[in-house]
Amino acid sequence: MGDLRGFLEELRRRGSIQEFEEPMALEEVYRSIRSNPGMRAIFKEVRGYDSKIVTGICGSRELIAAAIGIDPSALHGALNDAIKNPLEPGESPSAAFSEAEEDLSRLPISRYYPKDGGPYISSAIVSARSPDGSIENVSIHRMMVLGGRRLAIRIVPRHLFRLCEMAKASGLKALSVGMAIGLHPSVLLAASSPAPFGVSEYAVANRLMGGGLRLTRLENRSRVPSDAEIAIEGEISLEESEDEGPFVDLTGTYDIVRKQPVVKVDKVYRRDGSIYHALLPGGPEHAILMGLPYEAKIREWVAATVSTVRDVRLTPGGCGWLHAVISIEKQAEGDGKNALLAAFAAHPSLKHAVVVDSDIDISDPVAVEWAIATRFQGDRDLVIIRGARGSSLDPSADQENLTTTKLGFDATRPLSKPKDKFLRVGPEGR
Ligand code: MN
């Protein structure tokens, strides 16, 4: 069950994926995906293309947990464990895909939203290595199609950016990359995780998959999963950039246009009957993949600060990225504020965070608001941090300098007053 096909088969068996058998036009498929953000479906016949399109397969924590084979409550722990204990995958010279084309024209790539700057690939992992080959990084980047063999890639200043800087410093004009589309959720989740620089996200994925991941080297020596539906070999130009965007991102708003590096495509490999993953920007799949690994990180950092963390959520209303709710067992006055500081340190994009006691169901926004209504005083329990590093995606923030104002809400009950005053009265009146 280590590849996308195995996971799709399981979903089909459980009857939890919609299957469209009838031929549909590419625009029709994308309109359908855009109109039903929670949709989990496979489109088997796309007119003019010989790839199928799948969407929504990572759209909930239950789906991700099912793909890994664990209970949803164990997800944070499993991710943190995999990052701390990466397991180098085996390599195989043979792959499920074979060389097919020289350009992208046969892939069912489209605009997701009418005003996107161009057709976009939103589900591809990009793997690259440091000039001496010792460090590998795997991450997901949106890529705008500029032509059959050119893409503009959005690279925020994280690990791939750092590899580009290292390549530039050693005099290279381009960085070889391997890109892959149509992957098992474990690979996508690992590629979205905040593993430290130097840890290959492939090894994180392999740990999540119990050692089941195999990699194949493309001709340029970059590595991709051997059972990827689609693999693309190319290089990121360190000299050439183009306008990238606009693009609807996680917030559901159009992100701004920026000059971004150009990727030159050398070869496209596909499996027979290849499955292309259309990942709706701003949809649940996007939010879960980006947010879940940061929930795990926040949980770990808060746990290192206050005694007991019950759970962490990056909430749907906060785009799965900008807002966190954290439940703790408060032991001492001030625990709530320390938890907030740890959460902001763990996830630099975090903008607003709420800390509640463990009796609050943090998956219920009404319950969280109730805790703010009954346990929070603005003059005493609010933490304000001005001019901190924030998300590039928030249109209300300074999107060039990436600074923002962060608010922390300590909605834990004060220990100085009797606990009974703060507990929700149940049906039996207690
Ligand atoms: Mn990394």
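Here, each number is a calculation from the coordinates, and none is a lab measurement. Treat the numbers as computed from the prediction; the structure is a model and nothing was measured. So basically every Cβ, Gly included, is an ideal-geometry build from the backbone, and we count neighbours across all protein chains shown.
Taking the centroid of alpha carbons for each part, the stretch 24-99 and the stretch 147-212 are 17 Å apart.
For the pairs LYS259/LYS297; LYS337/LYS419; LYS173/LYS351, flag any whose C-alpha to C-alpha distance is greater than 26 Å. Beyond 26 Å between Cα atoms: LYS259/LYS297; LYS173/LYS351. Comparing GLY283, GLY38, GLY178 in a Gaussian network model of the chain (Cα springs below 10 Å), the most mobile by mean-square fluctuation is GLY38.
Per the Kirkwood formula applied to alpha carbons, the stretch 304-422 shows a radius of gyration over Rh ratio, Rg over Rh, of 0.97.
About its Cα centre, the chain has a charge dipole of approximately 700 debye under the convention of +1 per Lys or Arg Cβ and -1 per Asp or Glu Cβ, with nothing else charged. Coordinate range of the alpha-carbon atoms in the stretch 229-347 per principal axis, descending: 59, 35, 25 Å. Protection proxy ranking for 144-154, 27-37, 83-93, using the average of other Cβ atoms within 10 Å per residue and placing the highest first: 144-154, 27-37, 83-93. Here the relative contact order of the stretch 304-422, from alpha carbon pairs under 8 Å that lie six or more residues apart, stands at 25 percent. Convex hull volume of the C-alpha atoms in the stretch 4-283, normalised per residue: 120 Å³.
Taking every DSSP helix (H) stretch of at least 4 residues in the chain, weighting each as -39,500 (n - 2.57) and dividing the sum by the residue count yields a mean residue ellipticity at 222 nm of -7500 deg cm²/dmol.
Under the combined filter of DSSP loop state and at most 15 neighbouring Cβ atoms within 10 Å, the stretch 156-238 retains these chymotrypsin sites (Phe, Trp or Tyr not before Pro): PHE197. Only beta bridges with both residues in the chain are counted; by DSSP, about 75 percent of them are antiparallel. Based on the Stokes-Einstein relation at 20 °C and a viscosity of 1.002 mPa s, and on the Kirkwood radius from alpha carbon pairs, the stretch 165-299 is assigned a translational diffusion coefficient of 128 µm²/s.
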